[in-house]
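Taking it in order: structure first as structure tokens, then the write-up.
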Amino acid sequence: MSSALQRRRLVGLAGAWAAAQGGGAAAQGAYPDRPIRLVVPFPPGALTDALGRVVADRLRERFQQPVVVDNRPGASTLLGATQVAKAAPDGYTLMVATSTTLGIAPALFSNPAFRITDLTGVAMIGAVTLFLVSHPAVPATDVPTLMAALRAKPDSYTYASPGNGTIHHLVMEMLCRQENARAQHVPYQGSGPALTDVMSGRVDFMWIDATVVVQHIHARRVRPLAVTGARRARAFPDVAALTETHPDIDLVAWQSIAAPAATSAPIVARLNAEINAMLGEPELRNRLADMGVDANPMSVEAFNALIRKDASRWAEAVRQSGAKVD
């Protein structure tokens, strides 16, 4: 074969390779080209479910593809998380991941089927405001007076939570440990029955999601003592943020979108950009605020750094509390 013919064949092979690479890039750029499954590890009606449906609707509009919400509650959110972790890492199986899923739940099990590293953070949605509320008969108006009451009568007061090892439980345990105060923990199956018993006076106080309790605060069925996070709630400017008296208890509940750990960086970046753009829309930010969620867009790198930081702190809180679910 002549050298000229060899050169022509090499040029032809190079052109074919370049075309194939261009075709692959085009295929990647076409994501998504089929329906996306969004797993919610909570039952229908929960805050995370409602939030997932809002995100699904917005992504459906942006991608012009169906985004199907799939409720998979169980095992402190790890049932749904495990299914997503084992799914194909192609961007077509995502989940609404909470700080419970990516920070607390794996530490609650002796041999968890799911580990935090099995998922990658795609996008932060926002922080969920929790209120510390008490029955009006409890002699406290804020955190310092509540802690004083608990120290004066150790184990005489009770506090509710939506379940053993929930963020609501662990924040209270952290607070009592710092204050050398004691109260009896009464775990429930969900926030609704727990709040009912606080309002009736059968239990004295609890931490609870803003979206569940705000109407009852306005109706004076419970008294607000504090909110989580670094800022006071806009609707209740007289209620102090917990960090005003306990600056190191700055852990907050948050909601996010996650994907299987091996999902490609371009797909994760695309999803992050779309969700962050959504969170920049005033109408959506106001809608989330009405749900008790403070929109907080982050880069992929910043969000995954937060996951690692919070997971370490929550694991220590679980260890100190002795909470286990198996």
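A few comments on the model shown:
- All conditions but one from (1) closer than 25 Å to Leu78 by Cβ; (2) in contact with a strand residue (DSSP E or B) (Cβ under 8 Å, 6 or more places away or on another chain) apply to Gly190; the one that does not is (2).
- Within the range 72-83, the set of residues being open to solvent by 20 Å² or more (accessible area, probe 1.4 Å) and part of a helix (DSSP H, G or I) comprises Ala75, Ser76, Leu79, Thr82, Gln83.
- Hits in the range 106-138 (condition: surrounded by 13 or more Cβ atoms within 10 Å (Cβ to Cβ), modelled with pLDDT of 95 or more and more than 25 Å from Val300 (Cα to Cα)): Phe131, Leu132, Val133, Ser134, His135, Val138
- Residue tally, condition more than 20 Å from Ser99 (Cα to Cα), surrounded by 21 or more Cβ atoms within 10 Å (Cβ to Cβ) and among the polar types (S, T, N, Q), over the range 180-192: 0
- Matching residues, the range 254-297, being hydrophobic (A, V, I, L, M, F, W, C) and open to solvent by 40 Å² or more (accessible area, probe 1.4 Å): Ala261, Ala262, Ala265, Ala269, Ala273, Ala277
- For the range 193-211, a residue qualifies if it is open to solvent by 40 Å² or more (accessible area, probe 1.4 Å) and under 27 Å from the mean Cα position of the chain (by Cα), and the qualifying residues are Pro193, Thr196, Met199, Thr211.
- Condition check for Gly45: over 15 Å from Val293 (Cβ atoms) and surrounded by fewer than 18 Cβ atoms within 10 Å (Cβ to Cβ): yes
- Of all residues in the range 94-105, those satisfying the criterion of being among the β-branched types (Val, Ile, Thr) and open to solvent by less than 20 Å² (accessible area, probe 1.4 Å) are Val96, Thr98, Thr101, Ile104.
- Subset of the range 236-253 that is in contact (Cβ under 8 Å) with a residue 40 or more places away in the chain and touching a Gly at 6+ places or on another chain (Cβ under 8 Å) - its residue that is surrounded by the most Cβ atoms within 10 Å (Cβ to Cβ): Leu242
- Residues in the range 16-32 that are at pLDDT 85 or above and surrounded by fewer than 10 Cβ atoms within 10 Å (Cβ to Cβ): Ala30 only.
- Scanning the range 38-71 for residues being in a helix (DSSP H, G or I) and without any contact (Cβ under 8 Å) to a residue 60 or more places away in the chain gives a total of 7.
- Residue that is surrounded by the most Cβ atoms within 10 Å (Cβ to Cβ) [pool: residues in the range 214-235 that are of a type in the set (A, V, I, L, M, F, W, C) and touching a residue at least 24 places away in the same chain (Cβ under 8 Å)]: Ala226
- The range 185-196 residues that are of a type in the set (S, T, N, Q), paired with ones that are buried (at least 17 other Cβ atoms within 10 Å of the Cβ) and assigned to a strand (DSSP E or B) (beta carbon under 7 Å, 6 or more apart): Ser191/Ile208; Ser191/Asp209
The values are calculated or read from the model by the stated rules, or taken from the named source; none is laboratory data. Nothing here was measured: the structure is a model prediction, and the numbers come from that model. Positions of Cβ are generated from backbone atoms using ideal geometry, with glycine treated the same way; all protein chains shown enter the neighbour counts. Just the protein is used for accessible areas: all its heavy atoms, side chains included, with ligands, DNA and RNA removed. Shrake-Rupley method; radii C 1.70, N 1.55, O 1.52, S 1.80 Å.
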